[in-house]
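Below: one structure, written as structure tokens.
The values are calculated or read from the model by the stated rules, or taken from the named source; none is laboratory data. On a predicted model such as this, the values are computed, not experimentally measured, just so you know. Cβ atoms come from the backbone with ideal geometry, glycine included; neighbour counts cover every protein chain shown.
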Amino acid sequence: MEAKNWLKTVFYFARPCKMKMIISVICAIISVVGGLVPYVGVYRIITMFFDGHQNINDIILWIAISVGGYSIKFVFHGISTVLAHISAYSILENMRIQITKRLMEAPLGSVLNQKIGKMKSVIIDRVETIELPLAHLIPEGISNLLLSIGVYVYLIIIDWRMALAALMTIPIAAIVYGMMLKGFNKQYADYMEASNHVNSIIVEYVEGIEVIKAFNQSTSSYERFEKAVNSFKQYTLEWFRSTWKHMTFGASVLPSTLMGTMPMGMFLYINGSISPADIAISLILSLGIVAPLTSFTVFVNDLKTIEFAVNDASAFLNMKVLDQVKENAKLQGYPIELQDVSFSYDLENEGKDSIKDSHVLQDINLTLTEGTFGAIVGPSGGGKSTLAKLIVRFWDVTKGTIKIGGVNIKNMPLEQLMDTVSFVTQDNFLFNCSLMENIRLGNPKASDKEVIQAAKAAHCHHFIQNLEKGYETYAGEAGAKLSGGEKQRIAIARAILKDAPIVILDEATAFTDPENEDKIQKSIASLTKGKTLLVIAHRLSTIQNADTIIVLEKGRILETGTHQELLSHCELYKDMWQSHISTKKWVVHNDIREVYKNV
Ligand SMILES: Nc1ncnc2c1ncn2[C@@H]1O[C@H](COP(=O)(O)OP(=O)(O)OP(=O)(O)O)[C@@H](O)[C@H]1O
């Protein structure tokens, strides 16, 4: 979506419900016209009395017309409100769908870089704030504005001098409101910033509650939380303090139209240029102008709410998306090739035009033949995970090309790429649905039998069966009910079911206990049989049988070879292997505390 101002964005999302909105506006106008009828009725009845021509039939007729008018106002206002609500919810729905669509089309890495609290706040809370004002703006905003104008026009028709007098309080109120609204935009922006700050502190507090408790930081964290809430309260109170005098003065002056109409009416009556009936109705009408106008001022605030919510949503709506082709590419097998690949996060995260000297990967050239086992090793921060993520287009390379089956991955639809590659990481997110469905995500068409087969191959059938409801057990929010190793094996079962010809494992065996590791290794063996496999490993023992081991250091390939070849001529690899072996020996021969003492 191209960047638009907030009003255009609202209209853009309102397109599917354009007709409903138009009918809502028409109904609001009819409702206003209906609302004017009782004023006419009252005027006619008063006139009859003052003229001495009152007759019961005419009075009943005007009462019936007034009731009819009021009924029209009531019914059409109802229809307008219903349609406006439907439209507002459609706009909300479209906006949320568009944001999530955009998140799917954006580079996954950029999506993952977003703060989860902010995403939740924008997609759920901020977008929701649009609904209420939007739904009420059409029927009530229009009614209030048009009713004031309609009543005023009627007043002009009755007596233009009284109409003029009715406006007397408006300039005074306008000056006072003008003073109050000075700097409103900035103050509202500051208010939203303060509100966002307090929201993010609350989200951070809830998300980090485990760490806060574990490190007994509750008091200081609570202080931080309390400080944020208090400063927000202070800010809003100060804003209120700076405006309440103007607000109260304006609100009491604006409706006091009698200040102008009373003396004017008396003056005109004494001069004999106005009838008592016209004075009476003018006084009533002048009071009828201001009440809806005052209600309309509330919508100024509502418009700001919509503007800020839409602007927040626009940050996601305008996220850069990955360029994609539509047609599936014809792959020549499943080898992976990287040619002169360089990558910089700065360019992705900040959208800079020039490549800075901040490459995480530089001039990477490597080929992994179909069906072979490749491994990437190297010191922490060397760029191993980044390289794996580039192969699945979490981001696009800054320079060079990545090919699968001889085709640049940019020239195949993301769907085809995802069908071709299984990417298993340590972050094995489980949805809060049954374990059966969680595994089936790997292949939505798989039967229960196939899911169970995959679970068996991934060595998770046993523990799943021991659960009270077996495969129908819910994973709990974010899989909190399962251990790390169990979640990992379920993720592997998912990948087995997906049966993609290329498998990339990013540190999939890190942080597991020996018993779990053995099971995970077995499940990985089932997953990777006969496939092109790329493992990013810390534990060198798991990759010593790899066909090619790539040693990556500071974003560059230092050496490539088999385990034996690297041991014979790559110092860094030799050191890493030595430290790996000695750590293993320490674990076997020493108390675990000794190991950590020596790390
Ligand atoms: N999303 C990101 N945005 C910005 N910089 C990042 C991002 N992810 C990683 N980096 C940086 O890129 C560099 C390489 O990180 P990467 O995770 O690829 O290394 P790694 O070799 O896999 O490390 P480890 O073995 O510790 O997992 C690091 O300096 C890291 O700080």
The number of residues in segment 395-415 that are surrounded by 20 or more Cβ atoms within 10 Å (Cβ to Cβ) and within 14 Å of the ligand (Cβ to nearest atom) is 2
The one condition F429 fails out of (1) away from the ligand (no atom under 16 Å from the Cβ); (2) over 30 Å from F463 (Cα atoms); (3) in contact with a Gly (Cβ under 8 Å, 6 or more places away or on another chain) is (2)
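Residues checked against (1) more than 20 Å from A493 (Cα to Cα); (2) surrounded by fewer than 22 Cβ atoms within 10 Å (Cβ to Cβ); (3) modelled with pLDDT of 70 or more:
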| site | (1), (2), (3) |
| --- | --- |
| E507 | no, yes, no |
| E515 | no, yes, no |
| K522 | no, yes, yes |
| V535 | no, no, yes |
Screening G288, G265, G272 for residues that are assigned by TED's automatic domain parsing to the domain that holds S121, exposed (fewer than 14 other Cβ atoms within 10 Å of the Cβ) and more than 30 Å from N196 (Cα to Cα) leaves only G272
Check your understanding: Can you spot a residue in segment 128-135 that is charged (D, E, K, R), assigned by TED's automatic domain parsing to the domain that holds A280 and surrounded by fewer than 16 Cβ atoms within 10 Å (Cβ to Cβ)?
Key -> yes
request  = Test I142 against the criterion of being of a type in the set (V, I, T) and modelled with pLDDT under 80, and give yes or no.
outcome  = yes
*asked:* Looking for something free of Cβ contacts under 8 Å to residues at least 40 places away in the same chain, in the same structural domain as D302 (by TED's automatic domain parsing), more than 30 Å from L317 (Cβ to Cβ) and away from the ligand (no atom under 16 Å from the Cβ) - is there at least one such residue anywhere in segment 142-153?
replied: yes
E468 vs (1) part of a helix (DSSP H, G or I); (2) exposed (fewer than 14 other Cβ atoms within 10 Å of the Cβ): all pass except (1)
Checked I209, I175, I149, I158 against criteria (modelled with pLDDT under 80 and not polar (S, T, N, Q)); the one match is I209
Flagged in segment 365-393 as within 8 Å of the ligand (Cβ to nearest atom) and basic (K, R), in numbering order, are K384, K389
Being closer than 27 Å to I201 by Cα and either part of a helix (DSSP H, G or I) or in contact (Cβ under 8 Å) with a residue 24 or more places away in the chain (or both) narrows S121, S71, S66 down to just S121
Next on the checklist: It is to be established whether one or more residues within segment 28-49 are surrounded by fewer than 13 Cβ atoms within 10 Å (Cβ to Cβ), modelled with pLDDT under 85 and not polar (S, T, N, Q).
Outcome noted: no
